[in-house]
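Written out below as structure tokens is the structure these notes cover.
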Amino acid sequence: MCACRLWELSGIPCVHAQVVILYTNQDPVSFISSWFSKNNYMQTYEENIRPVNGSNLWSETTHTKPLPPLERRMPGRPSVKRKRHVYENQDKYSQVSCKGRTVTSKNCLQKGHNRKSCKNPTVVADPQPKKKMGRPKLDEDLLTWTGTKRSGRRGGRAYGESTS
């Protein structure tokens, strides 16, 4: 017997048992289960093995087909990594890289280097118009069809007040 239980499960002595067997000058073959003997192998395949018909030739039963088990939420924190396709690289270097991307300097606005390594004089870029923050407001003529101008979260009406 061995604490790893590999010998009991497989019938072949594990490495721990082999060391003990060799240390005691015994034959390791005598400790292998009789299921692996040539005699048992010959008895197993002594008679012909009859092939089984394919599932398309089986007779239909009145029983309902078994359903797959229900999916359940596994314990622990769920994985946040995306599920990769079978053909994607699985190594640790398969991250998105910036190969083929050209760097632009914010200092001189030329391509090929960044602001830190830029030795050219600073160029003032044309100011871009600022975008307005928030949701754009509706035109006044679009609001006149309802008859009231909406304001606030509840559309200008008191809570529960009808429109008629």
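The values are calculated or read from the model by the stated rules, or taken from the named source; none is laboratory data. Everything quoted here is computed from the prediction, not taken from an experiment. Cβ atoms come from the backbone with ideal geometry, glycine included; neighbour counts cover every protein chain shown.
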Q. Here is a list of conditions, (1) without any contact (Cβ under 8 Å) to a residue 12 or more places away in the chain; (2) more than 30 Å from P127 (Cα to Cα), and H113 meets all of them except one; can you say which number that is?
A. (2)
Q: Determine whether the stretch 42-63 contains at least one residue that is at pLDDT 90 or above and of a type in the set (S, T, N, Q).
A: yes
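Table: residues versus (1) part of a helix (DSSP H, G or I); (2) touching a helix residue (DSSP H, G or I) at 6+ places or on another chain (Cβ under 7 Å); (3) free of Cβ contacts under 8 Å to residues at least 12 places away in the same chain; (4) among the acidic types (D, E).
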site: E8; (1), (2), (3), (4): yes, no, yes, yes
site: N39; (1), (2), (3), (4): yes, no, yes, no
site: N53; (1), (2), (3), (4): no, no, yes, no
site: L70; (1), (2), (3), (4): no, no, yes, no
